[in-house]
1. Suppose each label sits 7 Å from its Cα in the direction of the beta carbon; what would the MET217-SER244 distance come out to in nanometres?
2. Tell me the label-point distance for the pair LEU206, ILE133, using the 7 Å Cα-to-Cβ offset, in nm and rounded to one decimal.
3. Under a crude label model (7 Å from the Cα following the beta-carbon direction), how far is TYR39 from SER70 in nanometres?
4. Give me MET93, MET217 sorted ascending by neighbouring Cβ count inside 10 Å, so fewest comes first.
5. As a footprinting exposure proxy, order ARG127, ARG196, ARG234 by other Cβ within 10 Å, with the fewest listed first.
6. Sort ASP193, ASP21, ASP29 so the one with the fewest other Cβ atoms within 10 Å of its own Cβ comes first.
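Bear in mind these aren't lab numbers, they're just calculated from the coordinates by the rules spelled out. Being a predicted model, the structure only gives us computed values, none of them experimental. Cβ atoms come from the backbone with ideal geometry, glycine included; neighbour counts cover every protein chain shown.
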Amino acid sequence: MGKDSEIGVEPGSYGTKDYTDPPPAPLIDIEELGKWSLYRAVIAEFIATLLFLYVTVATVIGYKHQSDASVNGTDAACSGVGILGIAWAFGGMIFILVYCTAGISGGHINPAVTFGLFLARKVSLVRAVLYIIAQCLGAICGVGLVKSFQKSYFNHYGGGANTLSSGYSKGTGLGAEIIGTFVLVYTVFSATDPKRSARDSHVPVLAPLPIGFAVFMVHLATIPITGTGINPARSFGAAVIFGSDKAWDDQIARGSNVLLARCVPLKPNLLRPNKKMARSGPS
């Protein structure tokens with residue numbers, strides 16, 4: 001059956017497609033600035049990223065405190081949620097927030113995803129810039145909330161900032177981040193493919209679920225290496241509030257993955273035909 005054939009038609013025959021490919025978003029859509037829907041979407045991205053950073057960074061700091069041998073002694077090794085729990089916190093929050101905001105902003109919650117969708121002509125430049133600004137501000141506010149609630153723990157346990165673990169080179173960290181970001185972006189494009197959406201329209205939860213699982217799996221693999229920085233807003237917000245020189249130094253290498261991991265998903269027919277993100281998409 002050809003890719004454009006209708007479900008149920010005879011083999012070798014073609015019918016009307018049961019899905020619609022969205023038109024490319026304009027590069028610069030000035031008219032968009034006069035629409036309330038744009039600002040509502042920007043607010044949704046700000047709030048979602050704020051909540052994401054608050055929950056996840058609080059989880060990281062809580063784990064470090066519970067696993068601190070100077071606090072819990074011999075029980076420290078068995079205390080806290082562990083890497084598995086941290087990965088669940090990140091993946092679970094992405095699943096929840098993408099599900100909640102997909103109908104408003106597309107549920108990006110990640111500048112890397114927004115940038116990739118802009119390059120793929122799924123969102124306009126105006127929307128992409130406003131989204132990224134909102135995400136970064138939301139991340140700063142989210143980490144700021146964590147610091148305001150538990151300042152001593154925040155400063156003592158590194159503020160949840162991403163830093164390269166000892167024993168790993170910057171090249172290794174960069175490679176891990178490129179692969180992790182690619183996994184996330186590829187999953188986003190696959191989960192929002194218009195053909196897949198048409199087939200699975202009766203189960204709307206299917207798009208946020210694989211995206212959340214992708215975040216979960218990537219965190220399991222890269223937390224021991226870099227702390228996982230596949231979300232530039234998450235790394236940026238923690239670095240701004242914590243203010244460590246090492247956290248800022250590692251941002252340069254980590255930021256490169258945003259550009260490099262975009263290269264393959266840009267070609268609409270290279271990995272997946274007919275990918276869709278109706279003016280937006282997810283974290």
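1. For the pair MET217/SER244, the computed spacing is 2.9 nm.
2. If labels sit at LEU206 and ILE133, their model points lie 3.8 nm apart.
3. 4.9 nm
4. Numbers: MET93 22, MET217 16.
Ascending number of Cβ neighbours within 10 Å: MET217, MET93.
5. Starting with the residue having the fewest Cβ neighbours, the order is ARG196, ARG127, ARG234.
6. ASP21, ASP29, ASP193
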